[in-house]
Amino acid sequence: MHIDNFRVYQQEGAKSQLYSLVMSCRRRFLKAARLLEVNSPALEKLTAFGVSSSVDVWPLLSPFSVLAERYVEHFFSPQAGLFLDPAEQQDERWDRYFYHVLVPHLVIEDEVVRNVLRAISALPCKQPDEAAMALTHYFREMTLPESQPPWDPEDNVDC
């Protein structure tokens, strides 16, 4: 796969991948609130967010673009497509990396979870664009994970 085609593939999948990140952050936040037995109007809104209301993930496109480009810089190999193993094609590797490596690492970070939810106005925030900018900066500076994080059995419990 040529690098330009791969970048197009990443951008075409951005909406569904960002939706997955948002919903993972939502589940983590709600699970923490439930554990602490916190109730508020903001949590009621978040509970309905993405279920009975729509999710606009486009404020997260700039931070996503940083992650996508960093992946290209660190992990993309144009020679990987020379062999015929479909599971090792660049698009398949990106999808596995995003869903099974990157998202689990991101939702571990409290500030990432809060800023994702603030940027899309799922949590109250006076300047959601600043939350998106904070994510962009964090994604530029973070060390990209190379492997799936060790899972605690409680981490797999869905809301």
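At 1.4 Å probe radius, can you tell me the per residue accessible area of the range 3-141 in Å²? Present the calculation step by step, with values, prior to reporting the outcome.
Numbers: 7740 Å² over 139 residues.
Here the per-residue accessible area is 56 Å².
In the Gaussian network model of the chain, springs joining C-alpha atoms below 10 Å, which of Glu130, Glu37, Glu12 carries the largest mean-square fluctuation?
Checking each option, the largest mean-square fluctuation is seen for Glu37.
Can you give the helix-only mean residue ellipticity at 222 nm for the chain, where every DSSP H stretch with n ≥ 4 adds -39500 (n - 2.57) and the sum goes over all residues, rounded to the nearest 500 deg cm²/dmol?
-18000 deg cm²/dmol
Of all accessible surface on the range 3-141 at a 1.4 Å probe, what whole percent is carbon and sulfur? Present the calculation step by step, with values, prior to reporting the outcome.
Details: 4280 of 7740 Å².
Carbon plus sulfur share of accessible area: 55 percent.
Can you tell which of Val72, Val103, Val116 shows the greatest fluctuation in a Gaussian network model of the chain with Cα springs below 10 Å?
The residue that fluctuates most here is Val72.
Given charges of +1 on the Cβ of Lys and Arg and -1 on the Cβ of Asp and Glu, with all other atoms neutral, how large is the dipole of the chain about its Cα centre, in debye to the nearest 20? Don't jump to the answer; show the numbers that get you there.
Values: 15 positive and 23 negative charges, 110 e Å.
That gives a dipole near 520 debye.
The values are calculated or read from the model by the stated rules, or taken from the named source; none is laboratory data. All figures in this text were calculated on a predicted structure; none of them were measured in a lab. Methodologically, a virtual Cβ is constructed for each residue, glycine included, from the backbone with ideal geometry; neighbour enumeration extends over all protein chains shown. Areas reflect the complete protein model, heavy atoms only, side chains present, ligands, DNA and RNA absent. Shrake-Rupley method; radii C 1.70, N 1.55, O 1.52, S 1.80 Å.
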